[in-house]
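Step one of this worksheet: look at the structure below.
Where a number appears in this text, it was derived from the coordinates with a stated rule and is not lab data. Computed from a prediction, not measured in an experiment: that's the story for all the values here. Here Cβ is always computed from backbone atoms with ideal geometry, including for glycine, and neighbour counts include all displayed protein chains.
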There are 2 protein chains.
Amino acid sequence: MTGFFAGRTLGDLGRDLRSGAETAAGLLDRALESIDPSLNAFVTVDAEGAAAAARAADEELAAGRDRGPLHGVPVAIKDIVDVAGLPTGMGSAHFDGYVADRDAACVARLRAAGAVIVGKTTTHEFAYGASGDTAVNGPSRNPHDPSRISGGSSGGSAVAVAAGMVPLAIGTDTGGSVRIPAAFCGIAGFKPAYGAVPTEGVFPLSVSFDHVGVLAATAADCRTAYRVLTRQPQDALAGHDDLRVAWVEGAPVADEVAEIVRGLLPGAPAERVELRELRRVFAAIQDSEAYEVHAERVADAPELYQPATLDRLRRAGETPGWRYVRASRERARFAEEAAALLRRHDVLALPTVPITAPEIGQEECALGRVQPVLLSLTCAWNVLGLPALTVPAGTAGGLPAGLQLVTSAGREDLLFALAAGLVP
Amino acid sequence: MTGFFAGRTLGDLGRDLRSGAETAAGLLDRALESIDPSLNAFVTVDAEGAAAAARAADEELAAGRDRGPLHGVPVAIKDIVDVAGLPTGMGSAHFDGYVADRDAACVARLRAAGAVIVGKTTTHEFAYGASGDTAVNGPSRNPHDPSRISGGSSGGSAVAVAAGMVPLAIGTDTGGSVRIPAAFCGIAGFKPAYGAVPTEGVFPLSVSFDHVGVLAATAADCRTAYRVLTRQPQDALAGHDDLRVAWVEGAPVADEVAEIVRGLLPGAPAERVELRELRRVFAAIQDSEAYEVHAERVADAPELYQPATLDRLRRAGETPGWRYVRASRERARFAEEAAALLRRHDVLALPTVPITAPEIGQEECALGRVQPVLLSLTCAWNVLGLPALTVPAGTAGGLPAGLQLVTSAGREDLLFALAAGLVP
């Protein structure tokens, strides 16, 4: 089954809404009809609240008040992000019964732009995993093969967009949690620069690396949503003909993924970047920060965690403090190296994930243990806080692979301009 | 034996130098004669280099070039601070044979002000201890009773000033390492605000808390040296009649110390401050940062440490990273509370150390284990980065106790003004 929004961009929807061919209430009905429970994309659907928002959007448009490109558009929100009046479940039994009393900052900005919040999407428990298959409400499933993982932790958001249930979803990305499921599900995903979108009202995983990001079918739609979330005007995207693009090499990549992805940018020079060292820095800092958030819960109610999450947290809690301090120092050094690299090149290109989506429950792949392999090309850009975009690059054996593009904060439009010219 | 500089202020010395009653070369000779090896204040004496500097100072003064209040004045430098051409021993066998090739920033500023560097003073090994009795060159000894500790880690600097060997010494203070030995030896010691004096060229203990400070017989002389080190003009000290002073209560204090110290400021109101919690924050951060500096040395050559230092480092290395993260969060909260407290009061007053100097090797005292008791009233002001001054408050059984005064960064002169009016 393919949902209504597959193949429809925000631009298409906006035209239909403004021509009268469609209404916000109608788009919401399409979204609700498109939700396929077997994929487990949504953990909460707010049909009633969304209907009220859609009616208000329609009334405003009829009265001549136009809030811009998200006006009347159905949007899904990852279930670690607070939406006033709805449960925030975090994919965990720990937050059973918790209902948020106010919107997260990013949700408030979406509402102010006229978006219709359809519901909450399945998250890897506490966003602490890149596979998307560990949650009290079960795994989100890959629309390209439901026996395979969606990727995570924003798995439900990626599935909801990829399967055409909604045209846009909010995710969070601490080590790749927007980009990995976007790549596995064959859509676009954008992690802005660190701090560009406020994380207020988002449950923390690792405060040094937590980012709010967006998932949509196309890079152009990610840009539209990103500009709403950062309160920037919707300027036309300028072309950039002579971008200096370098391929980043720094971790093993499966042959079929390398072939698909590298074929998109033939001739670009290669740069070796110490992604393995950055992964160590990422792990030491994330482990310490994540356990700090959970220490009391692990002590008081360990049985409420999914076993894999509890196991991971307990190991994280054993990271010594001096490793955190060392990693923080190394992070500063890597930031200088990255800045130098981004003076030589406008954009860095690499695969988003070195493999295509493994089976649900699969722990090993040809490149090693699945979890670190999933993060091996994404988490460096969280350590460095750089904007990173993934766009669909094609499929291998029916499973999508993503091309990841990275640049300096403030130069995000280079990513969108480059993506606009790519033909997978 | 009491050295030449006992009872002589920087003002006295400056007058004698400028009247021709004394020369820099003569002051240096007095210093060298005053050094009592039995107190183990100095680990290196640079008679030759100092003589050259003294001659140059005399020639400059004779030629009408006057560099200000430290011109021609003998100064001692703690042996974790680099002085070009001299060994920096760190109190450790690890740095046997190491000779610094350039001056630390603070030493360069002293030289630019005409000071004569006499030599290097005994430090607790790597400045990692408040007792001053653990060093490869043996303990520095309290001039008031050589069987007792000087306090540390800037023990040699405090002894050199207290015994009149020099009128001024440089120390460092990460948890109290200037103030504790100053209080135990009956002199003044000032830890400036965090970052006020550069730490470049100083071996790190815990970078979040490391401060360069000064030790002298009087608070006024500390102010003079502080202004040289921060390149501030030597403005006259303004009087402050209506200072709002509060007593800080937050850790047990021995009766005899409380009596001496509180008697200096009768009538001031008391405020309870969570010094115990700040001490936990201090320990988690210092432990992690200190071990990060030493991790490779502990792994490669543990036998080169004094046993007590090695034991302490190994325990420090076990502090979990999440405790470091938690402590960093709590530190931010305490900083807000301290700022509020310092809006209600101009100056906070408390004893510098809750006890008088224990015997060398003594591990327990009436208030508990000696090491944490020593730090219990000082380390909070390192966590908060606030300027803190200790001044002699009197003696109990012949052993000195210190009054500690704390204020906001930028208001240091309140401390010196208050101290100027106190009569022990």
Inset, instruction - Give the nm distances, rounded to one decimal, from A:ALA47 to the matching residue in every other copy, measuring between label points 7 Å along Cα toward the beta carbon; shortest first. - result: 9.7
Legend entry - For the range A:245-420: relative contact order, % (alpha-carbon pairs under 8 angstrom, 6 or more apart): 29
Inset, instruction - Would you list which lysines come within 25 Å of B:LYS120, measuring only between C-alpha atoms, while excluding same-chain residues fewer than 8 positions from it? - result: B:LYS78, B:LYS191
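Find the relative contact order for the range A:1-159 and round it to a whole percent, using C-alpha pairs within less than 8 Å whose residues are 6+ positions apart.
Working: 328 pairs, mean separation 37.9, N = 159.
Reported as a whole number, the value is 24 percent.
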Legend entry - Computed helical MRE - 222 nm, chain B, DSSP H runs ≥ 4 contributing -39500 (n - 2.57), nearest 500: -11500 deg cm²/dmol
Inset, instruction - Measure of size requested: the Rg and Dmax of the protein assembly as shown, with Cα atoms as the atom set and Å as the unit; please supply both. - result: 32.6, 101
Legend entry - Separation between Cα centres of the range B:39-90 and the range B:263-290, rounded to whole Å: 35
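Among B:LEU110, A:LEU243, which comes first, second and so on when ranked by fewest other beta-carbon atoms within 10 Å? Could the numbers behind the result be given before it?
Values: B:LEU110 25, A:LEU243 18.
Starting with the residue having the fewest Cβ neighbours, the order is A:LEU243, B:LEU110.
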Inset, instruction - Once the label point is placed 7 Å from Cα along Cβ, list for B:ARG67 the distances to the corresponding points in the other copies, in nm, shortest first. - result: 6.8
Inset, instruction - Within 10 Å of each residue's Cβ, count the other Cβ atoms and sort A:MET90, B:MET165 from fewest upward. - result: A:MET90, B:MET165
Legend entry - For chain B, the longest site-free run once GluC sites (Glu not before Pro) in DSSP loop states with at most 15 other Cβ atoms within 10 Å are removed: B:1-199
Legend entry - Listed residue (B:ALA316, B:GLY164, B:LEU348) projecting farthest to the positive dipole end of the range B:9-424, Cβ model: B:LEU348
Legend entry - chain B - percent relative contact order, Cα under 8 Å, separation 6 or more: 17
Legend entry - Farthest toward positive dipole pole in the range B:9-424 [+1 Lys/Arg, -1 Asp/Glu at C-beta], among B:PHE95, B:PHE416, B:ALA51: B:PHE416
Legend entry - Percent antiparallel among DSSP beta bridges (both partners in chain B, rounded to 5): 70
Inset, instruction - Mind jotting down the distance between the C-alpha centroids of the range A:236-256 and the range A:336-375, whole Å? - result: 13
Inset, instruction - At most 15 other Cβ atoms within 10 Å and a DSSP loop assignment: could you name the trypsin sites (Lys or Arg not before Pro) in the range A:181-248 that fit? - result: A:ARG231, A:ARG244
Inset, instruction - State the answer as a single residue: which of A:VAL298, A:GLY397, A:ALA270 lies farthest towards the positive end of the charge dipole of the range A:245-420, with beta carbon charges of +1 for Lys and Arg and -1 for Asp and Glu, about the Cα centre. - result: A:ALA270
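Note down the net charge around B:SER376, summing +1 for each Lys or Arg and -1 for each Asp or Glu among other residues with Cβ under 11 Å from its Cβ. The partial results should precede the final answer.
Numbers: positive: B:ARG276, B:ARG279, B:ARG369; negative: none.
Taking every Cβ under 11 Å from that of B:SER376, the sum is +3.
Scanning chain A for helices, which whole DSSP H stretches are 24 Å or more long along the axis (Cα) and average -0.5 or more by Kyte-Doolittle? Walk me through the numbers before you get to the answer.
Details: long enough: A:275-300 (36 Å, -0.43); A:321-344 (35 Å, -0.83).
Qualifying helices: A:275-300.
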Legend entry - Span from the the range B:124-197 Cα centroid across to the the range A:394-424 one, whole angstrom: 60
Inset, instruction - Pick out which of B:ALA163, B:ALA188, B:ALA53 has the largest mean-square fluctuation in a Gaussian network model of chain B, springs linking Cα atoms closer than 10 Å. - result: B:ALA53
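Count, for each residue of B:311-324, the Cβ atoms from other chains sitting within 10 Å of its Cβ, then give me the mean as a whole number. Please report the intermediate quantities before stating the final value.
Details: counts 0, 0, 1, 0, 0, 3, 4, 4, 5, 13, 20, 17, 8, 11.
Mean shielding count: 6.
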Legend entry - Assigned charges on the beta-carbon of Lys, Arg, Asp, Glu; the range B:9-424 dipole about Cα centre (debye): 920
Inset, instruction - Please report B:VAL212, A:VAL353 as a ranked list, fewest other C-beta atoms within 10 angstrom at the top and most at the bottom. - result: B:VAL212, A:VAL353
Legend entry - Candidates A:PRO266, A:PRO372, A:PRO392, ranked by Gaussian network fluctuation over chain A, Cα under 10 Å, top entry: A:PRO266
Inset, instruction - Sum up the charges of everything whose Cβ sits under 13 Å from the Cβ of B:GLN362, counting Lys and Arg as +1 and Asp and Glu as -1, but leave B:GLN362 out. - result: -3
Legend entry - chain A: most fluctuating residue of A:GLN286, A:GLN232, A:GLN404 per GNM, C-alpha cutoff 10 Å: A:GLN232
Legend entry - Radius 11 Å from Cβ of A:GLY171, net charge of other residues (Lys, Arg +1; Asp, Glu -1): +1
Inset, instruction - Taking each label point as 7 Å beyond Cα in the direction of the beta carbon, state the distances from B:GLY398 to the same residue in the other copies, shortest first, in nm. - result: 9.3
